[in-house]
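Everything on this sheet refers to the single structure shown next.
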Amino acid sequence: MVLLQTERLLLRPFEQSDLEDLFAYARQPEVGPAAGWRPHEDIEETREVLQNFLDNSEEMAIVDLAEGKAIGSIGLTKDERRDNSRAKAMGYALNRHYWGRGYMAEAVKVLLDYGFCTQLLNLVSIYHFPFNAQSRRVIEKCGFVYEGTLRQAKAVYDGRVHDIVCYSMTREEYEKLYFNKLR
């Protein structure tokens, strides 16, 4: 079981007890659509997603240590757009009540450490929709490099197809940005 901790956060596998916390942000109209999924209408939808998270060890809960509750999710998963076993894609979601406080950048950085230093990845990619300015700010703040925009690349829950913006970070770029953490 992987546990990653920062000053304010714990990243850990999801637990059954996270159901209410997960539902609290999965139902928010600002969260799901920014990532391409429909806000949850009832807790049964969330229960199915939670079961998927429990079955998928790559998806982790972001826990606020001060409050002791799950406030988001983050994971490194197979990048379906790359044929490279040492490359993964990062994805995340965060309860809107925690936006603008640096929580997601904190979670991204500790997961990058894990990806490059423990999983020995050579590349981490990350994608966002052009209209998701919050995610773009996190991505740029963490030092990812813009690769390009894939036009009409992702169909979402309501049938619309959006462009997706691609960024990545290589092992060399990570070491240059975060070298002090490696020593």
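The values are calculated or read from the model by the stated rules, or taken from the named source; none is laboratory data. Note that the structure is a prediction, hence the values are computed from the model and not measured. Every residue, glycine among them, receives a Cβ derived from its backbone with ideal geometry; neighbour counts consider all protein chains shown. The protein model used for the area step is the full one, side chains on, heavy atoms only, and it has no ligands, DNA or RNA in it. Shrake-Rupley method; radii C 1.70, N 1.55, O 1.52, S 1.80 Å.
Got at least one residue in region 116-125 being of a type in the set (Gly, Ala, Ser), under 19 Å from the mean Cα position of the chain (by Cα) and either at pLDDT 95 or above or within 25 Å of Leu22 (Cα to Cα) (or both)?
Taking region 116-125 first, the residues of a type in the set (Gly, Ala, Ser) are 125.
The next check asks that each one be under 19 Å from the mean Cα position of the chain (by Cα); those that pass are 125.
Next, from what is left, pick out any that are either at pLDDT 95 or above or within 25 Å of Leu22 (Cα to Cα) (or both): 125.
Yes, region 116-125 contains at least one residue that is of a type in the set (Gly, Ala, Ser), under 19 Å from the mean Cα position of the chain (by Cα) and either at pLDDT 95 or above or within 25 Å of Leu22 (Cα to Cα) (or both).
Residue by residue through region 80-100, note down the ones that are over 22 Å from His40 (Cβ atoms) and either more than 14 Å from the chain's Cα centre (by Cα) or at pLDDT below 95 (or both).
Glu80, Arg81, Arg82, Asp83, Asn84, Ser85, Arg86, Ala87, Gly100
So is Glu58 open to solvent by 40 Å² or more (accessible area, probe 1.4 Å) and farther than 26 Å from Cys166 by Cβ or not? Steps first, please.
Details: open to solvent by 40 Å² or more (accessible area, probe 1.4 Å): yes; farther than 26 Å from Cys166 by Cβ: no.
In short, no.
Collect the residues in region 154-183 that are touching a strand residue (DSSP E or B) at 6+ places or on another chain (Cβ under 9 Å), under 18 Å from Tyr114 (Cα atoms) and either open to solvent by 80 Å² or more (accessible area, probe 1.4 Å) or in a helix (DSSP H, G or I) (or both), keeping them in residue-number order.
Here is the first cut: in region 154-183, the ones touching a strand residue (DSSP E or B) at 6+ places or on another chain (Cβ under 9 Å) are 154-156, 161-171, 173-174, 177.
Now restrict to residues that are under 18 Å from Tyr114 (Cα atoms): 168-171, 173-174, 177.
Scanning region 154-183 gives Arg171, Glu173, Tyr174, Leu177.
Where residues in region 136-183 are in contact with a Cys (Cβ under 8 Å, 6 or more places away or on another chain) and of a type in the set (Ser, Thr, Tyr), which of them is nearest to Lys109 (Cα to Cα)?
So, considering only residues that are in contact with a Cys (Cβ under 8 Å, 6 or more places away or on another chain) and of a type in the set (Ser, Thr, Tyr), the one nearest to Lys109 (Cα to Cα) is Tyr146.
Let's see how each residue does on (1) under 22 Å from Asp21 (Cβ atoms); (2) part of a loop (DSSP other than H, G, I, E, B); (3) not polar (S, T, N, Q):
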| residue | (1), (2), (3) |
| --- | --- |
| Arg81 | no, yes, yes |
| Met104 | yes, no, yes |
| Leu112 | no, no, yes |
| Leu150 | no, no, yes |
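Can you name every residue in region 1-55 that is open to solvent by less than 40 Å² (accessible area, probe 1.4 Å) and among the basic types (Lys, Arg)?
If the condition is that a residue be open to solvent by less than 40 Å² (accessible area, probe 1.4 Å) and among the basic types (Lys, Arg), then Arg12 is the only one that fits.
Determine whether Arg81 is in contact with a Cys (Cβ under 8 Å, 6 or more places away or on another chain), open to solvent by 80 Å² or more (accessible area, probe 1.4 Å) and closer than 25 Å to Gln119 by Cα. Lay out the reasoning, then the answer.
Details: in contact with a Cys (Cβ under 8 Å, 6 or more places away or on another chain): yes; open to solvent by 80 Å² or more (accessible area, probe 1.4 Å): yes; closer than 25 Å to Gln119 by Cα: yes.
Yes: the conditions hold for Arg81.
If you scan region 1-57, which residues turn out to be under 17 Å from the mean Cα position of the chain (by Cα), in a helix (DSSP H, G or I) and among the hydroxyl-bearing types (Ser, Thr, Tyr)?
The answer is Tyr25, and nothing else.
Taking Tyr98, is it closer than 30 Å to Pro130 by Cβ, surrounded by 13 or more Cβ atoms within 10 Å (Cβ to Cβ) and touching a strand residue (DSSP E or B) at 6+ places or on another chain (Cβ under 6 Å)? It would help to see each step written out before you state the result.
Working: closer than 30 Å to Pro130 by Cβ: yes; surrounded by 13 or more Cβ atoms within 10 Å (Cβ to Cβ): yes; touching a strand residue (DSSP E or B) at 6+ places or on another chain (Cβ under 6 Å): yes.
Considered against the rule, which asks whether it is closer than 30 Å to Pro130 by Cβ, surrounded by 13 or more Cβ atoms within 10 Å (Cβ to Cβ) and touching a strand residue (DSSP E or B) at 6+ places or on another chain (Cβ under 6 Å), Tyr98 comes out as yes.
Within region 138-180, how many residues are in contact with a helix residue (DSSP H, G or I) (Cβ under 6 Å, 6 or more places away or on another chain) and among the charged types (D, E, K, R)? Show your work before the answer.
We begin by selecting, within region 138-180, every residue in contact with a helix residue (DSSP H, G or I) (Cβ under 6 Å, 6 or more places away or on another chain); these are 138, 141-143, 167, 171, 174.
Imposing the further condition that a residue be among the charged types (D, E, K, R) reduces the set to 141, 171.
The number of residues fulfilling the criteria is 2.
Please find, within region 135-153, the residue that is least open to solvent (accessible area, probe 1.4 Å) out of those that are under 29 Å from Pro39 (Cβ atoms) and either modelled with pLDDT under 95 or among the small types (Gly, Ala, Ser) (or both).
It comes out as Ser135.
Restricting attention to region 118-137, which residues are without any contact (Cβ under 8 Å) to a residue 40 or more places away in the chain, part of a helix (DSSP H, G or I) and in contact with a strand residue (DSSP E or B) (Cβ under 8 Å, 6 or more places away or on another chain)?
Passing the criteria: only Arg136.
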